[in-house]
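Bear in mind that the values in this text are calculations on the coordinates, not laboratory data. Please read all numbers here as calculations on a predicted model, not as lab measurements. Counting neighbours? That spans all protein chains shown, and the Cβs are built from the backbone with ideal geometry, glycine included.
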Amino acid sequence: MMENNLAAYMRSANITQNDLAKKTGISRQSINQICNNKVVPSALAMKKIKDALNDDDEKLNATIDDIFFSKNVILVLQEGVK
């Protein structure tokens, strides 16, 4: 199963699963499953999530690769560097 950095980006953008669900039209349950690496989101869902996170925090400027494919990003986010 593919691991992602969605939860770390959500913390950085100060956005909840409910908020992200409302902004993307993806159910909160699906957001939860994606955050917990239980399901792999579709390409469309990845784009919606990326757009919603970047909309919320203009400084974030995250890419789909950063959120869903890069493992090193978590270390950067945990150190508070954006």
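For segment 8-14, what does the Karplus curve 6.51 cos²θ - 1.76 cosθ + 1.60, with θ = phi - 60°, yield as ³J(HN,Hα) per residue in whole Hz, taken in order and with x for Gly and Pro?
Result, ordered by residue: 5, 5, 5, 4, 4, 8, 6 Hz.
Starting from segment 1-38, pick out the trypsin sites (Lys or Arg not before Pro) whose DSSP state is loop and whose Cβ has at most 14 other Cβ atoms within 10 Å.
Values: sites: Arg11, Lys22, Lys23, Arg28, Lys38; in loops: Lys38.
Answer in residue order: Lys38.
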